[in-house]
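The values are calculated or read from the model by the stated rules, or taken from the named source; none is laboratory data. Model, not experiment: these values are computed from the prediction. We place every Cβ from the backbone using ideal geometry, glycine too, and count neighbours over all the protein chains shown. The area values use the complete protein model at the heavy-atom level, side chains included, leaving out ligands, DNA and RNA. Shrake-Rupley method; radii C 1.70, N 1.55, O 1.52, S 1.80 Å.
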Amino acid sequence: MVFTNVNDLLMYVKIIYGLVSLLVFSIYDLKYREIPDKYVWGFLSGCILLFIFSLLICNTNYPSQVILVYIVMSLVIVPGLFFVLYRLDYIGEADFYVVLGLSFLFPLNSIYRYVLFYWNSILIHIPPILVMVLYSTAMLVILTLLKGLVFGLAWKKYLPKNLGIYKKILLLFIGKPMHIKDFLESKHYYPLTVFKPSNEGVEVSYRLSFSVKEEDYRIHQDKLKELIDKGVVDPEQVIWVTYGIPYIVALLFGYLLLLGLGDYPVLSLFSHII
């Protein structure tokens, strides 16, 4: 690898820094479903330092107005959306800060000159963080659809009969049936079947989401153990649970696709739609 100027050196440093960080975060996210705060804050701090360093020493061929537009789009649009999702409990705190860090790491379109398949004819590029998120989201959607289509027929018999068709379809795509005894031995699964104690035993209801920030699957397991001990719930009963794909893993996939394909597939798709 030959570095012809400081821009090349700094870009490769940022690419490796982002890749190694996402690999480490993905391992933590898969194994523990949480990332140590010190790693997240360290990553974000490093991204901001590299961002400042890039502005101070790197030469670009873009007018200052174009640079400002890219920076605003990168640091406002996607991080802003993820902040809203975080406040609504749809993603974890680490997801938001990692996305924010990547927005600082690659605010301009200069990354596209370093991707594996570079299309020199493209004049206008999409902010890199937006492309990463689009690739990541596409992967999650595809995996969710495949899971529902592949296992739908086998799991259909476990769907509650008193549930509307809309919720039944969503349960097939976002959840899976599991015996309570197996759920008690599992890790990082969250119940979509909710048991509420009542005078007649328990009332059963179903939900389609859970709070990433506030819920602990172990608390749900303890509550079910109490209901089993009271004899109002059968450990052989089938409930619906969801694992929830760790978003950092999906983000790593989007990062790798960005490094391989750039934004050409996205631009090509948009051109056919428009």
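Work out the FRET efficiency for ASN162 and PHE117 from their Cβ-Cβ distance, taking R0 = 41 Å, and round it to the nearest 0.05. Each step should come with its number before you reach the end.
Working: r = 52 Å, r/R0 = 1.26.
Computed FRET efficiency for ASN162 and PHE117: 0.20.
With +1 on each Lys and Arg Cβ and -1 on each Asp and Glu Cβ, how big is the dipole of the chain about its Cα centre, in debye rounded to the nearest 20? Could the numbers behind the result be given before it?
Details: 22 positive and 20 negative charges, 109 e Å.
I would put it at about 520 debye.
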- Given a Förster distance of 35 Å, the FRET efficiency implied by the Cβ-Cβ spacing of VAL204 and TYR90, rounded to the nearest 0.05, works out to 0.90
- Message: Counting C-alpha atoms alone, how compact is the chain: give Rg to one decimal and Dmax as a whole number, in angstrom.
- Response: 22.6, 76
- Item | Accessible area expressed per residue, the chain, with surrounding protein chains retained (probe 1.4 Å, Å²) | 57 Å²
- Query: If each of LEU81 and TRP41 carries a label point 7 Å out from its Cα toward its Cβ, how far apart are those two points in nm?
  - Reply: 2.9 nm
- Virtual spin-label span in nm between ILE169 and LYS230, 7 Å along Cα→Cβ: 3.6 nm
- Message: Distances longer than 20 Å among the Cα atoms of segment 210-274: what percent of all pairs is that?
- Response: 59 percent
- Message: Based on C-alpha coordinates, I'd like the Rg and Dmax of segment 1-56, in Å.
- Response: 13.6, 42
- Gain on full stretching of the segment that runs from VAL69 to LYS223 - 0.36 nm per residue minus C-alpha separation: 50.3 nm
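Express the carbon and sulfur contribution to the solvent-accessible surface of segment 153-200 as a percent, rounded to the nearest whole number, probe 1.4 angstrom.
Numbers: 1770 of 3190 Å².
The C+S portion of the solvent-accessible surface of segment 153-200 is 55 percent.
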- Task: Identify, among GLY262, TYR217, VAL233, the residue whose Cα sits farthest towards the positive end of the charge dipole of segment 211-268, taking +1 on the Cβ of Lys and Arg and -1 on the Cβ of Asp and Glu, with the dipole about the Cα centre.
- Result: GLY262
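Given 37 °C and 0.692 mPa s, compute D for segment 90-233 with the Stokes-Einstein relation, Rh being the Kirkwood radius over Cα pairs; round to the nearest whole µm²/s. Walk me through the intermediate numbers first.
Numbers: Rh = 18.9 Å.
Reported coefficient: 173 µm²/s.
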- Message: At 7 Å along Cα-to-Cβ for each site, give me the label-to-label distance between HIS179 and ALA154 in nm.
- Response: 1.6 nm
- Message: Please list, in order, the residues from segment 206-250 whose amide nitrogen is less than 11 Å from a point placed 7 Å along the Cα→Cβ vector of LYS196.
- Response: 206
- Message: In the chain, if the dipole is taken from +1 on Lys/Arg beta carbons and -1 on Asp/Glu beta carbons about the Cα centre, which of LEU68, ASN109, VAL20 is farthest to the positive end?
- Response: ASN109
- How large is the Kirkwood hydrodynamic radius of segment 202-243, in angstrom, based on all distinct alpha carbon pairs? 11.7 Å
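At most 15 other C-beta atoms within 10 Å and a DSSP loop state: those are the exposed GluC sites (Glu not before Pro) I care about. Give me the longest piece of the chain that has none.
Values: sites that count: GLU34, GLU185, GLU200, GLU214, GLU215, GLU236.
Excluding the exposed sites themselves, the longest stretch runs over 35-184.
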